[in-house]
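One structure is given below, encoded as structure tokens.
The values are calculated or read from the model by the stated rules, or taken from the named source; none is laboratory data. Not measured: the values here are computed from a predicted model. Here the Cβ is made from the backbone with ideal geometry for all residues, glycine too, and neighbour counts use every protein chain on show.
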């Protein structure tokens with residue numbers, strides 16, 4: 001018999017009842033060190049006092065308004081994002097998937113309004129993840145994502161990650177945009193080097209198509225910059241944001257230049273919940289904290305510390321791990337054992353990690369994690385690795 005909750009997740013048998021900073025408390029009292037942060041969502045950890053205060057204060061005033069009216073909290077958050085980024089304008093959503101849908105619509109509408117309605121194709125990359133809507137799965141077009149959900153929406157192509165010559169050959173007069181994650185998350189923590197980002201920007205300019213960046217997972221301070229593309233000093237035309245921007249509250253956004261957004265006039269798009277007062281009050285609290293230069297410097301420093309300790313972990317467990325990759329506090333451990341076995345073994349050491357493609361274990365801790373907690377996490381990973389290896393040899 002089907003359970004009341006649709007069984008689309010393989011859930012771990014854990015029942016967390018409370019969160020404190022980098023820690024999750026199970027109902028039996030066990031304390032788990034959270035190196036997943038809700039898959040890069042809880043940017044400021046669990047129950048951060050600034051977010052609790054913002055939620056409480058706004059919740060006592062006004063939760064929701066239709067976008068038929070002006071929303072001061074939304075305007076404040078949009079202004080903060082515009083001042084801190086390449087963008088001239090922002091549309092607020094509820095999720096990364098919803099941000100993907102608007103990014104695709106915006107790119108196509110731009111070319112329609114520019115007198116080139118034939119430019120509708122979007123090129124994505126293997127290993128990408130842009131959500132689970134019909135457009136998002138068509139963009140990626142892997143068997144895991146699309147099997148049984150056909151027919152797929154037309155207008156998407158896939159390029160090989162890092163093969164810029166192949167990408168160049170795919171771009172035609174019908175190409176509206178290229179979409180890419182500066183650091184792939186679900187694909188196994190694969191970062192683009194600054195030189196590659198610059199080459200991609202130049203290619204899009206040369207070929208006459210827009211560049212869409214998906215910073216849903218790698219944005220909002222995760223790499224030590226407010227957004228990951230800022231390490232390369234390039235700017236996109238359109239950018240998707242979600243996850244960390246709400247610190248755990250469902251919130252997303254699409255940022256764009258005035259030129260790229262020129263087709264999105266009144267009536268062309270909307271969202272019932274997107275940008276409501278409660279969500280934007282929390283988003284403002286997140287951005288006030290994360291956009292601070294000192295905070296971002298600390299994220300970068302802690303990312304270097306984590307990387308250093310993980311390199312030692314890999315060296316000490318050569319039968320379990322192959323390499324470390326990533327940037328800032330978005331790190332992947334390429335495994336030799338099945339990564340799922342490492343995730344399970346980590347549960348046994350009261351540590352939360354996240355599996356990814358390419359046999360990678362993701363580490364996406366709260367940006368507020370302490371040096372001591374980083375050391376504790378790597379120690380628990382070491383014990384989990386040894387336990388997983390022992391189990392494998394025994395089996």
Do we have any residue at all in segment 259-266 that's farther than 20 Å from residue 354 by Cβ, at pLDDT below 95 and either within 20 Å of the chain's Cα centre (by Cα) or assigned to a loop (DSSP other than H, G, I, E, B) (or both)?
no
Scan segment 161-176 for residues that are touching a strand residue (DSSP E or B) at 6+ places or on another chain (Cβ under 8 Å) and at pLDDT 95 or above and report the count.
7
Subset of segment 165-180 that is within 30 Å of residue 333 (Cα to Cα) and more than 19 Å from the chain's Cα centre (by Cα) - its residue that is surrounded by the fewest Cβ atoms within 10 Å (Cβ to Cβ):
165
Return a yes/no flag: does segment 278-289 have any residue that is surrounded by fewer than 17 Cβ atoms within 10 Å (Cβ to Cβ) and over 28 Å from residue 174 (Cβ atoms).
yes
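Per-residue answers, yes or no, for (1) in the same structural domain as residue 307 (by TED's automatic domain parsing); (2) at pLDDT 95 or above; (3) closer than 25 Å to residue 329 by Cβ:
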| residue | (1), (2), (3) |
| --- | --- |
| 96 | no, yes, yes |
| 107 | no, yes, no |
| 114 | no, yes, no |
| 141 | no, no, no |
| 182 | no, yes, yes |
| 190 | no, yes, yes |
So which residues in segment 315-337 are out of contact with any strand residue (DSSP E or B) (no Cβ under 7 Å at 6 or more places or on another chain), more than 18 Å from residue 357 (Cβ to Cβ) and outside any helix (DSSP H, G or I)?
317, 318, 319, 328, 329
Being in a helix (DSSP H, G or I) and under 30 Å from residue 188 (Cβ atoms) is the filter here, so list the residues in segment 106-132 that pass it.
106, 107, 108
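Scanning for something part of a loop (DSSP other than H, G, I, E, B), modelled with pLDDT of 95 or more, within 17 Å of residue 325 (Cβ to Cβ) and assigned by TED's automatic domain parsing to the domain that holds residue 307, does segment 361-376 turn up at least one residue? Show your work before the answer.
First pass over segment 361-376, keeping only residues part of a loop (DSSP other than H, G, I, E, B): 364-370.
From the residues that got through so far, the ones that are modelled with pLDDT of 95 or more too are 364-370.
Filter once more, keeping what is within 17 Å of residue 325 (Cβ to Cβ): 364-365.
From what is left, the residues that are assigned by TED's automatic domain parsing to the domain that holds residue 307 are 364-365.
Yes, segment 361-376 has at least one match.
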Per the list (1) out of contact with any helix residue (DSSP H, G or I) (no Cβ under 9 Å at 6 or more places or on another chain); (2) assigned to a loop (DSSP other than H, G, I, E, B); (3) within 30 Å of residue 371 (Cβ to Cβ), residue check on residue 68 breaks on (3)
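Run down 66, 95, 47 and say which single residue is over 21 Å from residue 227 (Cβ atoms) and touching a strand residue (DSSP E or B) at 6+ places or on another chain (Cβ under 7 Å).
Checking each option against the conditions leaves just 47.
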Scan segment 144-164 for residues that are exposed (fewer than 14 other Cβ atoms within 10 Å of the Cβ), closer than 25 Å to residue 192 by Cβ and free of Cβ contacts under 8 Å to residues at least 24 places away in the same chain and jot them down.
144, 163
Evaluate the following for residue 343: is it part of a strand (DSSP E or B) and either modelled with pLDDT of 95 or more or more than 30 Å from residue 226 (Cβ to Cβ) (or both)?
no
Segment 233-258, residues that are in a loop (DSSP other than H, G, I, E, B) and within 27 Å of residue 42 (Cβ to Cβ)
236, 242, 247, 248, 249, 250, 251
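Condition check ((1) touching a strand residue (DSSP E or B) at 6+ places or on another chain (Cβ under 8 Å); (2) in the same structural domain as residue 227 (by TED's automatic domain parsing)) across all residues:
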| site | (1), (2) |
| --- | --- |
| 254 | yes, yes |
| 263 | no, yes |
| 276 | no, yes |
| 300 | no, no |
| 304 | no, no |
| 313 | yes, no |
Take residue 122 and tell me if it is modelled with pLDDT of 95 or more and closer than 26 Å to residue 358 by Cα.
yes
